[in-house]
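Chemist: What follows is a single structure, and I will ask about it in a moment.
The values are calculated or read from the model by the stated rules, or taken from the named source; none is laboratory data. No experiment lies behind these values; they were computed from the predicted model shown. So basically every Cβ, Gly included, is an ideal-geometry build from the backbone, and we count neighbours across all protein chains shown. For the accessible areas, the whole protein counts, side chains as well, though only heavy atoms, and no ligand, DNA or RNA atoms are used. Shrake-Rupley method; radii C 1.70, N 1.55, O 1.52, S 1.80 Å.
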Amino acid sequence: MLLINCPYCGSRPEAEFANGGQAHIARPADPMSLTDDEWAAYLYMRDNIKGLHHERWRHANGCGRFFNASRDTTTDVIKRTYRMGERPEAEHQGAKP
Amino acid sequence: MLSPAIMRSNALSPMQSSSTTAASTTTLSILPDAAKLVFRGKTEAIEAAGAHFGVKPSLEACRFAAVGGRSVHWLGPDEWLFQAVNEDPIEVFGGMSAALQAQACSLVDVSHRSDGIAVAGPTAALVLNHGCPLDLSLKAFPVGMCTRTVLGKASLLLSRSEEQVFHVDVWRSFAPYVWQFLDEARNLS
Ligand SMILES: [Zn+2]
């Protein structure tokens, strides 16, 4: 079983966590000014990275908090976990500004 | 009006008699009912809550503090469980919410949501590890530690009150399942 480092509780078994999809996707400040295509892109389109991927996780059966994890999608190794609001150490390839 | 004390029935009461009587060194017992309040708020509010309750809440992750029958369990970075064994939830909640009137925080009475099991004996950790993936050695899970975790298919709050005594707080609908799971496990180990 994988061990995941919760920023609040420390190293804990994978079974306690839930994946929350790609991280750092900001909700558009003014949704009404977006075209349907832009809104659909925000809602549904996600990166499909081979390599370092920044994603949200929730310590669902623990402290209950969301946090971010930088995971290598080829090896499944989680390089780093960090709290909500913090930035990843290395931006992944293809990241949007 | 029906008194809440009459309406309250422990989900585990039918379990005790159905348990195996094999010579396991680990015992299971039903913990007494308690007033249970979930608190969420920032530092100032949690300090006020602790001062009123008479137990200083742990700001360290995954720790609980107890004074007599009252305890405060850390659940998350801004979330604590206040527990008062054998006390009336309505009274405890009323006192707490009056004391927190000036604070920005949330307080929810969850007294009737869960029931408690004590797992005790020299192999209590091993029994729990049949369904809980945490490292329950004294070094990784010392006395005074508490955390929400999983056991089999159920989510629960696990705490270690003594070296050989764990307390499990589990939602009522999962309680019989968890009891049977532990009962089976203690007869395997
Ligand atoms: Zn956590």
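Chemist: For peptide A:8-15, compute the average count of partner chain beta-carbon atoms within 10 Å of each residue's beta-carbon.
Modeler: For this peptide, the per-residue mean of nearby foreign Cβ atoms is 5.
Chemist: Got a sec? What order do A:57, B:74, A:39 fall in by accessible area at 1.4 Å, biggest, i.e. largest, first?
Modeler: Accessible-area ranking of A:57, B:74, A:39, largest first: A:39, A:57, B:74.
Chemist: Normalised by the number of residues in chain B, what is the relative contact order in percent for Cα pairs under 8 Å and 6+ residues apart?
Modeler: 26
Chemist: State, in square angstrom and to the nearest 100, the accessible area buried between chains B and A, both chains counted, probe radius 1.4 Å.
Modeler: It comes to approximately 1000 Å² buried between B and A.
Chemist: Another question about this same structure. Report the accessible area of residue B:138, computed with a 1.4 Å probe over the heavy atoms of all protein chains in place, in Å² rounded to the nearest 10.
Modeler: Here the residue's solvent-accessible area equals roughly 70 Å².
Chemist: Mind scanning A:79/B:139; A:79/B:153; B:56/B:153 and naming the pairs with a C-alpha gap bigger than 31 Å?
Modeler: Beyond 31 Å between Cα atoms: B:56/B:153.
Chemist: At a cut-off of 10 Å², which residues of the stretch A:37-79 become less accessible once all protein chains are present than in their chain alone, using a 1.4 Å probe?
Modeler: Buried-area filter returns A:61, A:62, A:63, A:65.
Chemist: Rank these by accessible area, largest first, 1.4 Å probe: B:132, B:105.
Modeler: Order by accessible area, largest first: B:105, B:132.
Chemist: What whole-number distance in Å separates the alpha-carbon centres of the stretch B:99-174 and the stretch B:21-61?
Modeler: 9
Chemist: How much accessible surface area, in Å² rounded to 10, belongs to the heavy atoms of residue A:79 with a 1.4 Å probe?
Modeler: 130
Chemist: Note every residue of the stretch B:72-97 with a reduction of at least 40 square angstrom in accessible area, all protein chains present versus the isolated chain, computed with a 1.4 Å probe, or write none.
Modeler: In the stretch B:72-97, residues shielded by partner chains: B:77.
Chemist: Here's something else I'd like to know. Can you compute the helix-only [θ] at 222 nm over the protein assembly as shown? Use -39500 (n - 2.57) per DSSP H run of at least 4 residues, normalise by all residues, nearest 500 deg cm²/dmol.
Modeler: -5500 deg cm²/dmol
Chemist: From the Cα gyration tensor of chain B, with a ≥ b ≥ c the square roots of its eigenvalues, which class applies: rounded if a/c is under 1.5, or else prolate if a/b is larger than b/c, or else oblate?
Modeler: Oblate.
Chemist: Here is a further query. Any idea of the accessible area per residue across the protein assembly as shown, 1.4 Å probe, to the nearest Å²?
Modeler: Here the residues of the protein assembly as shown average 52 Å² of exposed surface.
Chemist: Would you please give the FRET efficiency between residue A:3 and residue B:29, computed as 1/(1 + (r/R0)^6) with r the Cβ-Cβ distance and R0 = 41 Å, to the nearest 0.05?
Modeler: E(calc), rounded to 0.05, equals 0.80.
Chemist: Give me the net charge for the shell around residue B:106: Cβ to Cβ below 12 angstrom, other residues only, Lys and Arg +1, Asp and Glu -1.
Modeler: -1
Chemist: Taking K and R as +1 and D and E as -1, what net charge do the other residues with C-beta under 11 Å from the C-beta of residue B:140 add up to?
Modeler: Taking every Cβ under 11 Å from that of residue B:140, the sum is +2.
Chemist: So, with a 1.4 angstrom probe, what is the percent of accessible area on the stretch B:83-189 that is carbon and sulfur?
Modeler: 55
Chemist: Name the cysteines of chain A that stand alone by the Cβ rule: no other cysteine Cβ under 4.7 angstrom.
Modeler: When partners are defined as cysteine Cβ atoms under 4.7 Å apart, chain A leaves A:63 without one.
Chemist: Mind listing, in residue-number order, the residues in the stretch B:145-176 that have at least 30 Å² less accessible area with every protein chain present than in their own chain alone (1.4 Å probe)?
Modeler: Residues losing area: B:148, B:150.
Chemist: Turning to a different aspect of this structure: What does the accessible area of residue B:39 come to, in Å² to the nearest 10, when a probe of 1.4 Å is used?
Modeler: Counting only protein heavy atoms, the figure is 0 Å².
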